[in-house]
Each structure stands twice: as structure tokens, then as C-alpha cells.
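A short worksheet on the structure shown next.
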Amino acid sequence: MSQGSGSKDRVLIFDTTLRDGEQCPGATMTFEEKLEIADFLDLMGVDIIEAGFPIASEGDFEAVAAISRRVKNATVAGLSRAGAKDIDRAGEAVRHAVKPRIHTFISTSPVHMKYKLQKEPDAVLQLIIDSVSRARNLVPDVEWSAEDGTRTEHDFLCRCVEAAIRAGATTINVPDTVGYTTPDEYRALFEMLRSRVPNSDKAIFSVHCHNDLGMAVANSIAGVMGGARQIECTINGIGERAGNAALEEIVMALKTRGDVFPFETGIESTMLNRASKLVSAATSFPVQFNKAIVGRNAFAHESGIHQDGMLKNTQTYEIMTPESVGVSKTSLVMGKHSGRNAFRDKLKGLGYEVSDNQLEDAFVRFKALADRKKHIYDEDIEALIDENLATAEDRVKVVALTVIAGTMGPQSATLTLDIEGQHRTVQATGNGPVDATFNAIHQLIPHEAKLELYQVHAVTEGTDAQAEVSVRLAGGDGRLVTGRAADPDTLVSSAKAYIVALNKLTHARGAARGAVRVHSTH
Ligand code: KIV
Ligand code: ZN
């Protein structure tokens, strides 16, 4: 069992946002977005990054391989089923990682063995031994998971775990694949395994909980109380069906209630809010307003009684500070008279490290925004830095847009695009101004891509707030790309976001070019 500092046991955080998280319908991330998220998770102190499922597709393989090459501190894991081809592919993908891990799994519950695998328990046991041994020949760090572990018969689970450890597994994960267990039951399961499996002290036990009954975080922590020392989780709790246990909730529960949970993680908690935004932007999955830790309302106090209490002493209604998760309280920040140095300081305060060129570019856009918007809030600056920027390599850029909207249809859009250096203008009508704008894009650039998602949200409050638009397009080859843009004019940001996505589809971009936000200093 690993020891943390002082009297607390260290619990390893295994982030599976890029694998289980990405499995949730519609949460597909681009290659560049995956690299950006992996870099951020590494900086934030995640111990193990599950980068993908290499056999699933060429894209998954490439992403796991690229993440393996760039991650500096964390272990990089690739998932594989029990077959030889899967394992070899996972081994190949993580080969260049500083700390590579193969994570192999097979179902062990009666219902999964009978209907999904159509195999007898002894055949499954043999596959466990073969798969773990094969993986262990490729890398020294092998995790084995008993899929549907919480619905597995105890005697059989003990035999499987013992065999996996004997074959060389260094981590044993017992997932609650269908989100069925309860805290008491899950804790007892780990206590049972640790006392009954003779070689249980030779491996680290891991929890992996789905949230079908809303108990994923509670179950995960209960598993740790039962002796597990690795927690598998995702940013914002994204994942199959109702999702996985949320990383930010686990980290803050352990930190805030250290009095009852004597455990610590290596996560820099001031980066949690930023991680949430990054994943939300990449997946275009909004974070619910009342989401614990990272929801917009998580630190908002609305009622008079609460506000009064907060003014007297923040501890009346706050069990952790917003700053401890990277939320800044000072919202009103800058205006059109703010200079370059103040802007650089602001970015630093928000946790962004920018090069001189990036600063220059962001400053020009900040000034343009300040000309149009009276109050510039932290969120405006974040949106400014985070949007996918047009770059010199982009074939197409938005030059001008005029839209006629209102009750007297048809709504129309006159759009000018710069297409490979040539300005071209067209007018189109549509069922509403957004439809008209997208029809105009279609006329200027005929394409097959299908619009999979169109999402708008206001960056701040007020009618002059910037509208941040996400557009997800599916190319003919099934490739999904997301474009994002922010502007006080919703239709301008819609056009820009669409064009960003289209540019992404038409040519592969290099690695994430945006500023890397390393730390929130609040
Ligand atoms: O939920 C699950 O069982 C999984 C395994 C593949 C680890 O995600
Ligand atoms: Zn899972």
C-alpha cells in the first residue's frame, strides 16, 4: 500500500476521460483536442492517463501513440480486450511512453460470460492467464480488469484475481460496469478480495464506477475505504450512459473531508475548473449549472439569508473556497484602456502561459472585443484564448456577414468568405438566420459534411455577452470535428465556428496550437 505524506495514504488517480469518457455518445474528440487534454492532465498531476483503445480504430491508435510520446510524468495506458491482436496493438501504441501500461479486461459475471462471451468460466480463466502473460511480456506495468466485476460470483472473482496477479498483473481493477453496486457492498467486495486472495498484497486494487444510480463517487471512495488505492474517473464525470465517477468530485471530497478520508492524491486542485472547461469545450458537452465543484452555480449564493451569512463569514455556507478549485471571485477585470502588461498579468493570473506571438494575437483580439463590449470578464478572456483561431494554413476565413432576421421571413444572410485568398460573396435564405448563414456557407463551399451538433452558450451574463458557439461536423469518412468561436454576435460566431470545423475537416492540422494553461494561481 503506497504511503502519502504524513499519515495519509496516497491514492492514484487514473483518468479515463480520453477512453471511457470518449465512449459516451457524441463526446468524440479530435486528435489535437486529445493531445491538449492529455498535456493538461499530466500537468495537473494525474498518475495514469488512459489515452484510448488502440485496436478500436486507426485514429485511436494514433492518439494513444502520440500521447505516449509527449506525456512527461504520468503513466500512459492503452486498453485492450483479452485477444492477442488487441494486446499487441495496445503494446505497440504505448511503446514510447516513459511509463507504459497495458490495461486488459474480460467479463467475469455469469450474465456476461454466458450471453456476451458465450464462454465457460474455465475458458475465461485461461484467457485471463494468457492475456495478462502476453501483456506482461510487452510492458512491466499491466492492469487487469474484471468487467462487470460487481455482479461476479465471489469465488470465481477470487480465482480470476489470483490468476491475474500470478500471471503478472500489477493492478487489479474491479469495475462496477453497470453502476449497480452500493457503497457498503463495494467496500466489502475489496475487503473480501484482500483477505481471501492469497497473493492480493502483490497488486494495487482499483475502483472504476459508473453512475447509473448516481453513486459513482460514493462507491469509488467506499472502495478506497475497503483497500483500493487507484481510482478510475473522468473529468466532468463523462462516460458510458450516465457517466463515470467525476475526478473533480473525488479529489475535492478526499481533500475537504480529510478528517474522515485519510487519503491524498497528487492532483493540483486549482486546475480542476480549467480541466472541466477544456473537456466541456472539446466534447461540446455542457457542464450542468449545479454540477458539484465545477458547475457555474457551485459557488454562487443567491438567497438573501445565504448572502448575508457569506458576508459575515464565508465558512457559513462554503465548505471549500472557489479559489481552491481554480474559480476566481474577481470577475470584472479589464476594459479598453487596459494595456499589454496588464493583459499579460491577467492571463498569468488565469493560469495561461503564452508566447510573445500568442500574447500579441490575443491582445489584438482583446482590444477588438473591448471596443464592442463594455465589461470584459475573466470568462470573456478565457473564451478568447480557447476559441479555435483561424490560422495562416486555413483555406477559408470569414470576412463579412450581414443577416436579415425577424418575423417577416424569409430570413437571409449575405456572407463574404476569403477562400484561398479570393473574396467571394453570396446571399442565401433559410429557415431562420442560422440556417440562412449555414446555407450561404454551403453555397460558397459545397461539401458533404453533416452538421451533428450546433450549440450556443452565453459566456457571461447580460445582453451584450459573447455567444460561444460549437459546431460539430461529420465528414464523409465518419471523422468528427468540432469548431468553436466566440463573438458578441451569435451569428458571426456561428459562421466562424462552422468555418473552423470545415477547415479542420479539409486539412489535418498540426498539434494543438493554443496557449497552454498551466496553472491557476488563485
Ligand atoms: O466499465 C468497465 O467495465 C470498463 C472496463 C473496460 C474497465 O470500462
Ligand atoms: Zn467503464
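No value in this document is a laboratory result; all are computed from the given coordinates. From a predicted model like this one, the values you see are computed outputs, not experimental measurements. Glycine also receives a Cβ, built like all others from the backbone with ideal geometry; neighbour counts cover every protein chain displayed.
Observations, loosely collected:
- Region 278-317: relative contact order as a whole-number percent, Cα under 8 Å and 6+ apart: 18
- Each peptide among 270-277, 125-132 gets the average number of other Cβ atoms lying within 10 Å of its residues, and from highest to lowest they stand as 270-277, 125-132.
- Inter-site label distance for residue 314 and residue 182 at 7 Å from Cα along Cβ, in nm: 3.8
- Per-residue Karplus couplings for region 366-374, computed as 6.51 cos²θ - 1.76 cosθ + 1.60 with θ equal to phi - 60°, are listed in order as 4, 4, 5, 5, 5, 5, 9, 10, 5 Hz, Gly and Pro entered as x.
- Note on residue 400 and residue 448: the extension gain reaches 14.9 nm, defined as 0.36 nm multiplied by sequence separation minus the Cα-Cα distance.
- DSSP beta bridge pairing in the chain, given as percent antiparallel to the nearest 5: 50
- Sequence ranges 84-96, 280-292, 422-434, ranked by mean other-Cβ count within 10 angstrom, highest first: 84-96, 280-292, 422-434
- Size descriptors for region 381-512: radius of gyration and Dmax over Cα atoms are 14.2, 46 Å.
- Each of 112, 366, 144 was placed along the dipole of the chain (beta-carbon charges, centred on the mean Cα), and the one lying farthest toward the positive end is 366.
- Per principal axis, descending, Cα span of the chain in whole Å: 73, 59, 44
- For region 22-79 and region 451-474, distance of Cα centres in Å: 26
- Span from the region 339-368 Cα centroid across to the region 117-183 one, whole angstrom: 50
- Karplus-based coupling profile of region 465-481, in residue order and whole Hz: 4, 6, 9, 9, 10, 10, 10, 10, 10, 10, x, x, 7, x, 5, 9, 10, with θ = phi - 60° in 6.51 cos²θ - 1.76 cosθ + 1.60 and x standing for Gly or Pro.
- Given 348/374; 34/450; 119/202; 312/374, the pairs whose alpha carbons are separated by over 24 Å: 119/202; 312/374
- Stretchable slack from residue 456 to residue 70, in nm (0.36 nm times residue separation minus alpha-carbon distance): 135.7 nm
- Working from Cα pairs under 8 Å separated by at least six residues, relative contact order for region 81-167 is 37 percent.
- For the chain, the relative contact order comes to 12 percent (Cα pairs under 8 Å, sequence separation of at least 6).
- Once the gyration tensor of the Cα atoms in region 88-246 is diagonalised, the equivalent ellipsoid follows with semi-axes of 22, 19, 16 Å, ordered largest first.
- Interchain or long-range residues, amide H under 5 Å from residue 285's placed H: none
- What the Cβ-Cβ distance of residue 241 and residue 191 gives, at R0 = 30 Å and to the nearest 0.05, is a FRET efficiency of 0.60.
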